[in-house]
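A short write-up of the structure that comes next.
The values are calculated or read from the model by the stated rules, or taken from the named source; none is laboratory data. These numbers come from a predicted model, not from an experiment. Methodologically, a virtual Cβ is constructed for each residue, glycine included, from the backbone with ideal geometry; neighbour enumeration extends over all protein chains shown.
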Amino acid sequence: MKRTHGLPYTPMPATDPRVKQLDTRMKKEGYRPDALIEILHAAQNAWGYLPMPVLQHISLRLRIPPARVFSTVTFYHFFSLKSQGEHTCLICTGTACYVKGAQQLLEAVEQTFGVQVGEVSADNKLGVQAARCIGACGLAPAVVLDEEVQAKIDAAGLVAKIKEKLEAI
């Protein structure tokens, strides 16, 4: 096992197409440290989250300290260090959505799928999150299911849509 910046480092498998894709992106950016955020976005799109070996790989290739990579990831809320699940369900709990039934949506998802807000199912198929506001107040209650906004949805409709997504796998 190699050591970089004093930390243990296991090289990423060169046969993994995601690694090749990430390396291509870093090369395209000229391995510039100021391209860190764009590269982190590319990595998260490829893996679905940012596992530590990927962060170490980026640190090594961009020749920047791991602490800088990690602090960037933890500063911005849109980066995640843990898997969000194959399918993601983000329920808006802002005022308009709350008044129009967001709490019932949360309860229905938790009861039906056994996944609490902020968690991912044991099989990693469904991740559930809540947001203070997604800026879609006119569509309340609103849910973002796999990056697609579900407008004026009720609990039964949301459960049905999630089941449909899970069965499509």
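Looking only at the range 98-113, decide whether some residue is of a type in the set (Ser, Thr, Tyr), within 26 Å of Val149 (Cα to Cα) and modelled with pLDDT of 95 or more. Looking through the range 98-113, at least one residue is of a type in the set (Ser, Thr, Tyr), within 26 Å of Val149 (Cα to Cα) and modelled with pLDDT of 95 or more. The set of residues in the range 130-169 being modelled with pLDDT of 95 or more, among the aliphatic types (A, V, I, L, M) and in contact with a Phe, Trp or Tyr (Cβ under 9 Å, 6 or more places away or on another chain) consists of Ala140, Val159, Ile162. Considering the range 5-52, the residues that are in contact (Cβ under 8 Å) with a residue 40 or more places away in the chain and surrounded by fewer than 15 Cβ atoms within 10 Å (Cβ to Cβ) include one that is farthest from Leu81 (Cα to Cα), namely His5. Across the range 147-165, not a single residue is classified as in contact with a Ser or Thr (Cβ under 7 Å, 6 or more places away or on another chain), assigned to a loop (DSSP other than H, G, I, E, B), assigned by TED's automatic domain parsing to the domain that holds Ala96 and exposed (fewer than 14 other Cβ atoms within 10 Å of the Cβ). Being under 15 Å from the mean Cα position of the chain (by Cα), at negative phi, outside any loop (DSSP other than H, G, I, E, B) and in the same structural domain as Pro141 (by TED's automatic domain parsing) is a property that Ile91 has. Selection of first residues in the range 137-149 that are over 24 Å from Gln84 (Cα atoms) and of second residues that are in a strand (DSSP E or B), restricted to Cβ pairs under 9 Å at least 6 apart or on distinct chains, gives the following pairs, ordered by first then second residue: Cys137/Cys92; Leu139/Cys92; Leu139/Val149; Leu139/Gln150.
When Gly127 is tested against (1) buried (at least 17 other Cβ atoms within 10 Å of the Cβ); (2) at pLDDT below 95; (3) part of a loop (DSSP other than H, G, I, E, B), just one condition goes unmet, and that condition is (3). Would you confirm whether any residue within the range 55-63 is of a type in the set (D, E, K, R), touching a helix residue (DSSP H, G or I) at 6+ places or on another chain (Cβ under 6 Å) and part of a helix (DSSP H, G or I)? Yes, the range 55-63 contains at least one residue that is of a type in the set (D, E, K, R), touching a helix residue (DSSP H, G or I) at 6+ places or on another chain (Cβ under 6 Å) and part of a helix (DSSP H, G or I). For the range 137-146, the set of residues classified as among the aliphatic types (A, V, I, L, M) and in a loop (DSSP other than H, G, I, E, B) consists of Ala140, Ala142, listed by residue number. Per the listing Gln129, Gln84, Gln116, the residue uniquely of a type outside the set (Gly, Ala, Ser), within 30 Å of Tyr31 (Cα to Cα) and touching a strand residue (DSSP E or B) at 6+ places or on another chain (Cβ under 9 Å) is Gln84.
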